[in-house]
């Protein structure tokens, strides 16, 4: 009887942990905001090093499906993305203002316009999740301006 109770309790614990782990696959709005604040502090401390770390997905700049991205304010070109997603990697060097989602929405201009110093603005669009096929899903990016860069961190709905 005791063995059955222990086995049942262990099974419940494993199922609970499995469900919790599955539920934690997606980053949250709060985690995205925390990563944006971390990105801001790191860029202010050492811009070149931070951009390098973001592009490598190192230094805590890639957590499940949340990652920072940055573009130049001067020319709009994307200079960093922490994503391993090929769709996101292809944006490096591209004028962010020209980016369109699967619905035809020019979300890149919205991201660019949202980059204001001392303010975080939400921008909604469709974008493929890292580690999945290229099917776009709803995403919200929190965007701010950090010196001569616009940077954001998004989370998927």
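Remark on the range 79-157: hydrodynamic radius 12.7 angstrom, per the Kirkwood mean of 1/r across alpha carbon pairs. Sorting 144, 39, 50 from the fewest to the most surrounding beta carbons within 10 angstrom yields 144, 50, 39.
For the range 26-156, the average shadow cast by the Cα convex hull is 6.6 nm², which is a quarter of the hull's surface.
For each of 89, 145, count neighbouring Cβ atoms within 10 Å of the residue's Cβ, then give the residues from fewest to most. Could the numbers behind the result be given before it?
Details: 89 12, 145 18.
The most exposed by this proxy come first: 89, 145.
Each Cα pair under 8 Å and six or more residues apart adds its separation to the average, and for the range 78-157 the resulting relative contact order is 22 percent. Annotation: the residues 123, 94, sorted from fewest to most other C-beta atoms within 10 Å of their own C-beta, follow the order 94, 123. Projected label points at residue 138 and residue 64, each 7 Å from Cα along the beta carbon direction, are separated by 1.7 nanometres.
Please work out the FRET efficiency for the pair residue 38 and residue 98, using the Cβ-Cβ distance as r and a Förster radius of 22 Å; give the result to the nearest 0.05.
Calculated value: 0.20.
Read-outs throughout are calculated quantities, based only on the coordinates presented, and are distinct from any laboratory measurement. Note that the structure is a prediction, hence the values are computed from the model and not measured. Here the Cβ is made from the backbone with ideal geometry for all residues, glycine too, and neighbour counts use every protein chain on show.
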